[in-house]
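The values are calculated or read from the model by the stated rules, or taken from the named source; none is laboratory data. The model shown is predicted, which means the values in this text are computed figures rather than measured ones. Methodologically, a virtual Cβ is constructed for each residue, glycine included, from the backbone with ideal geometry; neighbour enumeration extends over all protein chains shown.
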Amino acid sequence: MKFFIDTANLQQIEEAASLGILDGVTTNPSLMAKEGISGTANVERHYRTIAEMVPGDVSAEVIATDFEGMVEEGKRLAGIAPNIVVKVPMIKDGIKAISHFAKIGIKTNCTLIFSGAQALLAAKAGATYVSPFIGRIDDINWEGMDLISEIAAIYQTQGIKTELLAASIRSSKHIVEAALAGADVVTCPLSSILGMLKHPLTDIGLEKFLADHRKVQEAAANA
Ligand code: G3P
């Protein structure tokens with residue numbers, strides 16, 4: 001399973017990349033706004049910086065919601081760097097745009113997926129990735145992870161190559177569950193990735209190893 005980080009924050013991308021486990025980055029207009037990035041030139045510069053920081057795919061989302069606008073914006077975004085993937089919302093014109101991008105060799109990530117039907121349609125249109133939003137389904141008291149299992153089963157049964165990218169991940173538990181449910185990729189906040197490191201028995205075990213080592217060192221020094 002690939003690990004993407006879901007942020008437009010350069011320090012967080014740097015920190016995740018330094019672990020040597022980062023396969024890519026996803027962003028969205030809310031994450032770009034959180035970093036205070038606005039204006040075409042600044043947005044494009046920011047995407048270029050991110051694309052140079054990681055060798056893998058970097059999703060950059062279109063703002064346009066009509067076919068012509070999405071195609072124009074998507075081509076511009078794809079031209080920023082070879083690893084930019086154009087993120088397109090799951091709407092009628094979005095599906096048209098994804099089909100168009102697939103024909104001209106531009107990779108896409110179909111975002112705001114909340115059903116198996118949407119994931120099937122996006123794959124049919126030729127999306128490189130689909131992004132089901134787990135946390136937002138949990139937010140309305142449904143079981144977000146069921147959608148990952150459903151899409152994984154559909155794609156496996158149908159031999160679909162579109163990558164299943166579990167998004168709106170809110171915890172390290174979500175990451176493990178997405179892996180079990182058959183996600184190809186998870187995109188997560190840095191806190192969820194770092195949360196995977198933690199186990200109290202690891203801390204206790206390490207403390208004991210080091211204490212035992214210190215003891216024998218001291219004994220040898222005093223002999
Ligand atoms: O990038 C899309 C997705 O991961 C958003 O997550 O936490 O805003 O629902 P969240």
Could you run through the stretch 142-161 and say how many residues are surrounded by 23 or more Cβ atoms within 10 Å (Cβ to Cβ) and within 22 Å of Asp23 (Cα to Cα)?
2
From the list Glu150, Glu163, Glu143, which one is free of Cβ contacts under 8 Å to residues at least 24 places away in the same chain and not β-branched (Val, Ile, Thr)?
Glu143
Ala125 is checked against (1) farther than 20 Å from Ile91 by Cβ; (2) more than 19 Å from the chain's Cα centre (by Cα); (3) surrounded by 15 or more Cβ atoms within 10 Å (Cβ to Cβ) and fails just one. What number does that condition carry?
(1)
Please verify whether Thr202 is on the phi < 0 side of the Ramachandran plot, more than 15 Å from the ligand (Cβ to nearest atom) and buried (at least 18 other Cβ atoms within 10 Å of the Cβ), treating the condition exactly as stated.
no
Can you pull out the residues in the stretch 123-136 that are within 15 Å of the ligand (Cβ to nearest atom) and either over 18 Å from Val58 (Cα atoms) or not hydrophobic (A, V, I, L, M, F, W, C) (or both)?
Tyr129, Ser131, Pro132, Ile134, Gly135, Arg136
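Considering the stretch 173-223 alone, what residues qualify as being assigned to a loop (DSSP other than H, G, I, E, B), at pLDDT 95 or above and more than 30 Å from Gly159 (Cβ to Cβ)?
The answer is Pro189, Met196, Leu197, Lys198, His199.
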Can we say Lys34 is of a type in the set (Lys, Arg) and within 19 Å of the chain's Cα centre (by Cα)?
yes
With a cut-off of at least 3 residues that are under 20 Å from Thr128 (Cα atoms) and more than 16 Å from the ligand (Cβ to nearest atom), name the helices (runs of 4 or more DSSP H) lying wholly within the stretch 9-87.
67-78
Checking Glu150, Glu143 in turn, the sole residue that is within 16 Å of the ligand (Cβ to nearest atom) and over 13 Å from the mean Cα position of the chain (by Cα) turns out to be Glu143
